[in-house]
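Heads up, the thing below is written out as structure tokens.
The numbers here are math on the coordinates, done by the rules we state, and not lab data. Worth saying up front: this structure is predicted, and the values here are computed from it rather than measured. Methodologically, a virtual Cβ is constructed for each residue, glycine included, from the backbone with ideal geometry; neighbour enumeration extends over all protein chains shown.
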Amino acid sequence: MIIGGGVIGLAIARELRLKGVRKIAVLERGAVGREASHAAAGMLAPNAETEKLDEFYRLCDESNRLYPDFAAALFAETGVDVGFDRQGTLYLALTENDSEEIGRRFAWQRGAGLRVERLSAAETRRVEPFLSPDVRESLFFPEDRQVETRRLVAALERFAALNNIEIRERTSVARIVFENGRAAGAETEDGEKFFAGTVVLAAGAWSSQIAAGALALPAVKPVRGQIVAFQTAKRLFQRVIYSPRGYLVPRADGRVLAGATSEDAGFDKSVTTAAAARLRANALEIAPSLVNLEIVEQWAGLRPLAADRRPVLGSFPQVENFLLATAHFRNGILLAPVTARIIAEKIAENRDSDYLRAFGPERFRANDSRSLNISA
Ligand code: FAD
Ligand code: GLY
């Protein structure tokens, strides 16, 4: 049983089915895929976003490498094209400070063997002619990609429908049920009980609100992200484009997403005019050619954040058959394939990935993570 029908829960359900697990249920409080996974920009950018080569980078990079097969398999399985796009990512310098930042990043990333290229202003505008004339230079990450998030969720939902995975929507889990040191199921807010051999908690930003007996679940906090979208008649940009102040994600249908805020607003998913103005200003700094376009859509989602900003993947030694797959913060779309593989290998084959040790919930035991002051 999986609690939470976002990209993480649905990807785990699919992988379990592919590994031959017969009875799989997803309990979802609302409708599947309508929370953070619906709001995400869909960037698969381990290289543009990394600050160091650590275990987290390796996890992100591995998931990025799984994506071509993941996207192709989903298409074969469901007929849904998830818009997997390999055009790469540009990271722009628009000010002197930005140039210093880019120089620093280029030096360490090249030194570490990552694939990154440094483009002059002219080279940058040659590949993306609609960028600002103020662009001083850029970094190009050829191995960073993007995916159309909403289609990804639709594909996973379709896979579930075609493969007899039970999806129970409008089913809000209040607590995990444990019996004799093992997870035995879950009980809803309405007191309805569901029984299962294994329970996976994948409830995104709400994960630590679910009671888990005597276990202290790592605190997971919501971090609101707002995005605005412009519509262009034809695709103006080929690549995902970052500046240090925001990003543009061009979709094949001419939409251009401009993101994103990072706000401590509790579980409030409202959108604000102040955020729209800031996102628009950041977008125009990157591409003044967008100036006459109206914002056609604005939305918000809640990123799930743990105290150390890393995902929580794994189990507690004191209970059996209970796993967490949560706190993917800014990278849950990128990390869906690798998370699904790690969790499904553990459940179906009892295989322990090294990542379960690195990202397991036990790492918070030394301090009471519930009382940590998490900042976005
Ligand atoms: P969710 O999608 O939030 O799913 C959790 C599900 O659990 C929800 O459907 C919820 O209803 C359900 N649930 C909650 N409580 C209960 C309960 N008690 N009982 C039953 N069900 C419950 N990531 C990237 O990789 N690339 C990006 O470009 C990117 N851009 C982003 C931009 C924005 C603006 C935001 C907000 C996020 C972005 N992310 C991005 C992050 C990504 O969206 C998340 O990390 C990812 O969606 C988390 O997936 P999830 O399934 O854990 O959470
Ligand atoms: N990864 C992009 C975001 O979270 O806004």
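Applied to segment 115-130, the Karplus parametrisation 6.51 cos²θ - 1.76 cosθ + 1.60 on θ = phi - 60° returns per-residue 3J(HN,Hα) values of 7, 9, 10, 9, 10, 6, 4, 5, 5, 5, 6, 5, 7, 9, x, 8 Hz, with x for Gly and Pro.
If you take the square roots of the eigenvalues of the alpha-carbon gyration tensor of segment 212-296 and sort them as a ≥ b ≥ c, do you get rounded (a/c under 1.5), prolate (a/b over b/c) or oblate? Taking the square roots of the gyration eigenvalues as a ≥ b ≥ c, segment 212-296 is prolate.
What are the membrane-span-like helices in the chain by this rule: whole DSSP H runs, Cα extent along the axis at least 18 Å, mean Kyte-Doolittle hydropathy at least 0.0? Counting only whole DSSP H runs, the qualifying helices are 149-162, 273-286, 332-349. Computed on segment 219-369, the Cα convex hull volume stands at 141 Å³ per residue. Ranked by the mean number of other Cβ atoms within 10 Å of their residues, highest first, the peptides 289-299, 176-186 fall in the order 176-186, 289-299. Close amide-amide hydrogen proximity is noted between Leu323 and Val199, Val200, Leu201, each under 5 Å apart and 5 or more residues distant or on a separate chain (H modeled in the peptide plane; Pro and chain starts excluded). With a ≥ b ≥ c taken as the square roots of the eigenvalues of the C-alpha gyration tensor of segment 318-366, please select rounded if a/c is under 1.5 and otherwise prolate if a/b is larger than b/c or oblate if it is not? Cα axes put segment 318-366 in the oblate bin.
Stretched out straight at 0.36 nm per residue, the stretch from Phe267 to Val291 would grow longer than its current Cα-Cα span by 5.4 nm.
Between Asp54 and Arg357, the distance separating the two model label sites (each 7 Å from Cα on the Cα→Cβ line) works out to 1.8 nm. Couplings 3J(HN,Hα) for segment 353-360, derived from phi with the Karplus relation 6.51 cos²θ - 1.76 cosθ + 1.60 (θ = phi - 60°), are 5, 4, 5, 5, 6, 5, 10, x Hz, where x marks Gly and Pro. With a threshold of 27 Å on the Cα-Cα distance, the over-threshold entries among Lys234/Lys269; Lys23/Lys193; Lys23/Lys221 are Lys234/Lys269; Lys23/Lys221. Counting neighbouring Cβ atoms within 10 Å and putting the fewest first, the residues Arg105, Arg158 line up as Arg158, Arg105.
Two decimals is fine: what is log10 I(q)/I(0) at q = 0.13, 0.24, 0.27 Å⁻¹ for segment 275-338, from a Debye sum with one equal scatterer on every Cα and no solvent? Debye intensities relative to I(0), on a log10 scale: -0.60, -1.01, -1.08. Each principal axis of the Cα cloud of segment 14-112 was taken in turn, and the coordinate range along them, longest first, works out to 55, 27, 25 Å. Put one equal scatterer on each alpha carbon of segment 109-197, apply the Debye formula with no solvent term, and list log10 I(q)/I(0) at q = 0.15 1/Å to two decimals. Normalising to I(0) and taking log10 leaves -0.77. Mean projected area of the convex hull spanned by the Cα atoms of segment 182-254, taken over all viewing directions: 9.0 nm².
Size descriptors for the chain, from the alpha-carbon set: Rg then Dmax equal 20.8, 67 Å. Per residue, the chain reaches -9500 deg cm²/dmol at 222 nm when only DSSP H runs of four or more residues are counted, each adding -39500 (n - 2.57).
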